[in-house]
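The values are calculated or read from the model by the stated rules, or taken from the named source; none is laboratory data. Every value quoted in this text rests on a predicted model; they were computed, and no experiment measured them. For neighbour counting, all protein chains shown are included, and Cβ atoms are generated from backbone atoms with ideal geometry for every residue, glycine included. Keep in mind that these areas ignore ligands, DNA and RNA; they rest on the heavy atoms of the full protein, side chains included. Shrake-Rupley method; radii C 1.70, N 1.55, O 1.52, S 1.80 Å.
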Amino acid sequence: MKALRLEGIGRLSVVEVEKPLPGPQDLLVRVEACGICGTDRHLLHGEFPSKPPVTLGHEFCGIVEAIGSEVSDIAIGARITGDPNIACGACPQCSTGRVNLCRNLRAIGIHRDGGFADYVLVPRKQAFELPRALDPVRGAFCEPLACCLHGVDMSGIRAGSSVIVLGGGVIGLLVVQLARLAGATTVILSTRQAVKRRLAEELGATATFDPSSADIVEFVTGDSGLVPGGVDVVIECAGVAETVRQATRLAKAGGTVVILGVMPQGETVEIEPFDILFRELRVLGSFINPFVHRRAADLVASGAIEIDKLISRRVTLDEAAGVIAHPPAAGEVKILVIPGGA
Ligand code: NAP
Ligand code: ZN
């Protein structure tokens, strides 16, 4: 079978590899669609730890083609989405329920072979069934949606909340939708590209802002701003210093800031601890997707999240290497790899 392998830092190629054999607790899944994520670019450039050679792709959806000898509760032919993050279940973090902070976390598509291939092996416990009638391309959004769901859960958004989302990539655009579903009545998205602001408005943002045009803090929190005094919840989804700096200043006193965006390890941002203390801000990190993959899959299956508008392009395995090697083009949101042919 064909697989898109990270051969070493900076080296990505499509190669012919053996079709894997399922172990006793595995599913052999024929990949129908697998999303390209910013993490794939970080892996290529050595900015995220991995162990090449490894097949990338952690946002996959596909059909169960064979099951291990100890698997009895899923049928061949089922469509599944995979939660790529495999916790050890035994370390101090796992034993207190913080599985996303597992010391021995291993991820499909990062540490072991992933979904940019004709087939992927998925441990049964990491697989969640989807309706047979669901478009598999939508199924590939369960993983990023699960990460957003964890962040929105942590944020405490509830009916009537005011929210600002910083960064209009796929994560920000999913968070906008989840914030509305959670009951927020004001959802502002700040992002520089007009095409993404328009998209956000179609997806439920009540207002959008171009942060390169004026001072966002004044625009939102000023006396004649959209939410004078600041918003209940800020969700940072850009992973850049500028938005992290804006985040605490946009929150109201007693408000919550959730950091979802990934800034490069070792980079720092200046903050004013007095402001966090004096205005009792809650500043939280949200890392991956503990215990939310089932809910994310149900949300995708329900149709409550608009996904099709987030899909910019579908590519083959051969084309995917070039996509990952370059930064996303202007206006592009999500690119899906279709191993069977785009
Ligand atoms: P992405 O496509 O790169 O989106 C980030 C967006 O931020 C860009 O589209 C850009 O849009 C916007 N942006 C950049 N600079 C900005 C600024 N100064 N002000 C406002 N917006 C700005 O990435 P993504 O896939 O949506 O992911 C977003 C972040 O979440 C990444 O850092 C990713 O690594 C992280 N992530 C975290 C988790 C987790 O578990 N916490 C899971 C998945 C992804 P414009 O050009 O329109 O400004
Ligand atoms: Zn563990």
Item to complete: Kindly indicate whether any position in region 230-246 is more than 10 Å from ligand 1 (Cβ to nearest atom), more than 30 Å from GLU267 (Cα to Cα) and crowded, with 18+ Cβ neighbours inside 10 Å.
Response: no
Discussion item. I'm trying to understand the selection: among the residues of region 14-40, which are open to solvent by 40 Å² or more (accessible area, probe 1.4 Å), over 20 Å from ILE76 (Cβ atoms) and not β-branched (Val, Ile, Thr)?
Written reply: GLU16, GLU18
Discussion item. Consider region 93-102. How many of its residues are open to solvent by 70 Å² or more (accessible area, probe 1.4 Å) and away from ligand 1 (no atom under 16 Å from the Cβ)?
Written reply: 2
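Being surrounded by 16 or more Cβ atoms within 10 Å (Cβ to Cβ), within 16 Å of ligand 2 (Cβ to nearest atom) and not β-branched (Val, Ile, Thr) narrows it down to one of LEU145, LEU130, LEU105, so name that one.
On the way: LEU145 fails: within 16 Å of ligand 2 (Cβ to nearest atom); LEU130 fails: within 16 Å of ligand 2 (Cβ to nearest atom).
Just a single option satisfies the conditions, and that option is LEU105.
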Worksheet item: Is it the case that ARG314 is away from ligand 2 (no atom under 16 Å from the Cβ), of a type in the set (Lys, Arg), modelled with pLDDT of 95 or more and in a helix (DSSP H, G or I)?
Response: no
Worksheet item: When region 171-184 is examined, which residues are found to be assigned to a helix (DSSP H, G or I) and open to solvent by 20 Å² or more (accessible area, probe 1.4 Å)?
Response: ILE171, ARG180, LEU181
Worksheet item: Consider VAL54 against the criteria (1) within 13 Å of ligand 1 (Cβ to nearest atom); (2) open to solvent by less than 10 Å² (accessible area, probe 1.4 Å): it satisfies all of them except one. Which criterion is unmet?
Response: (1)
